[in-house]
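Undergrad: First the structure, which I've put down as structure tokens, then a few questions once you've had a look.
The values are calculated or read from the model by the stated rules, or taken from the named source; none is laboratory data. Just so it is clear, the model here is predicted, and its values are computed rather than measured. As a convention, Cβ positions derive from the backbone with ideal geometry for all residues, glycine included, and neighbour counts pool all protein chains shown.
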Amino acid sequence: MPAYIQGAGQIPILQTTAAGAGSWFEVHPKIRNITLQLSELGSSVGAPVTGSVSVQASNDGVNPLISTLGTIAFSSVASPAVDGFSLDAHWNFIRGVLTTNSTQSSGSTFSLIASAQM
């Protein structure tokens, strides 16, 4: 059973140190605008971080689209790092996928937050 993005506020949709896909989050039909913010917190402030998170969409919560909605990439930036983007389209389901994390040994955690507007 998927989790839901159904109102205004911040919803954590991915928090991980290991590469792989997070859970699908069903998006309320009236939500069109979603802002996604990725933050990385390493084991020490100022340590270089490299990692990439893609955001996928699906109409059925099982099969992701071939194209991603967007990718947030950190390339040798200092920890902690924050970046993001916004969507102006409705998708039935979204999820985050940590595709690379070259800082796993230092205990770096990637967190993807969705903020919705109704």
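Undergrad: Based on this model, can you work out whether Ile31 counts as more than 16 Å from the chain's Cα centre (by Cα), over 15 Å from Ile13 (Cα atoms) and at pLDDT 95 or above?
TA: Numbers: more than 16 Å from the chain's Cα centre (by Cα): yes; over 15 Å from Ile13 (Cα atoms): yes; at pLDDT 95 or above: no.
Here the answer is no, as Ile31 does not meet what is asked.
Undergrad: Okay, next question. Among the residues of the range 80-96, write down those that are buried (at least 18 other Cβ atoms within 10 Å of the Cβ), farther than 14 Å from Gln117 by Cβ and of a type in the set (A, V, I, L, M).
TA: Quick first cut of the range 80-96, residues buried (at least 18 other Cβ atoms within 10 Å of the Cβ) only: 81, 87, 91, 93-96.
Cutting the leftovers down to farther than 14 Å from Gln117 by Cβ gives us 81, 91, 93-96.
Matches in the range 80-96: Ala81, Ile94.
Undergrad: Condition test on Glu40, is it closer than 15 Å to Pro12 by Cα, out of contact with any Ser or Thr (no Cβ under 9 Å at 6 or more places or on another chain), touching a residue at least 12 places away in the same chain (Cβ under 8 Å) and not β-branched (Val, Ile, Thr)? I'd like the intermediate steps shown before the answer.
TA: Details: closer than 15 Å to Pro12 by Cα: yes; out of contact with any Ser or Thr (no Cβ under 9 Å at 6 or more places or on another chain): no; touching a residue at least 12 places away in the same chain (Cβ under 8 Å): yes; not β-branched (Val, Ile, Thr): yes.
It is false that Glu40 is closer than 15 Å to Pro12 by Cα, out of contact with any Ser or Thr (no Cβ under 9 Å at 6 or more places or on another chain), touching a residue at least 12 places away in the same chain (Cβ under 8 Å) and not β-branched (Val, Ile, Thr).
Undergrad: May I pose another question? Which members of the range 17-28 meet the condition of being within 19 Å of Gly70 (Cα to Cα) and at pLDDT 90 or above?
TA: Step one: of the range 17-28, the residues within 19 Å of Gly70 (Cα to Cα) are 19-27.
Answer for the range 17-28, where residues must be within 19 Å of Gly70 (Cα to Cα) and at pLDDT 90 or above: Gly20, Ala21, Gly22, Ser23, Trp24, Phe25, Glu26, Val27.
Undergrad: When the residues of the range 34-65 are narrowed to those that are among the small types (Gly, Ala, Ser) and loosely packed, with under 13 Cβ neighbours inside 10 Å, which ends up modelled with the highest pLDDT? I'd like the intermediate steps shown before the answer.
TA: Filtering the range 34-65 for residues among the small types (Gly, Ala, Ser) gives 39, 42-44, 46-47, 51-52, 54, 57-58, 61.
Next, only the ones that are loosely packed, with under 13 Cβ neighbours inside 10 Å stay: 43-44, 46.
Values: Ser43: 74, Ser44: 79, Gly46: 83.
Across the range 34-65, the extreme among qualifying residues is Gly46.
Undergrad: Can you pull out the residues in the range 16-31 that are within 22 Å of Ala116 (Cβ to Cβ) and surrounded by 15 or more Cβ atoms within 10 Å (Cβ to Cβ)? Step through it out loud before you land on a result.
TA: Of the residues in the range 16-31, the ones within 22 Å of Ala116 (Cβ to Cβ) are 16, 21-31.
Result: Thr16, Ala21, Gly22, Trp24, Phe25, Glu26, Val27, Ile31.
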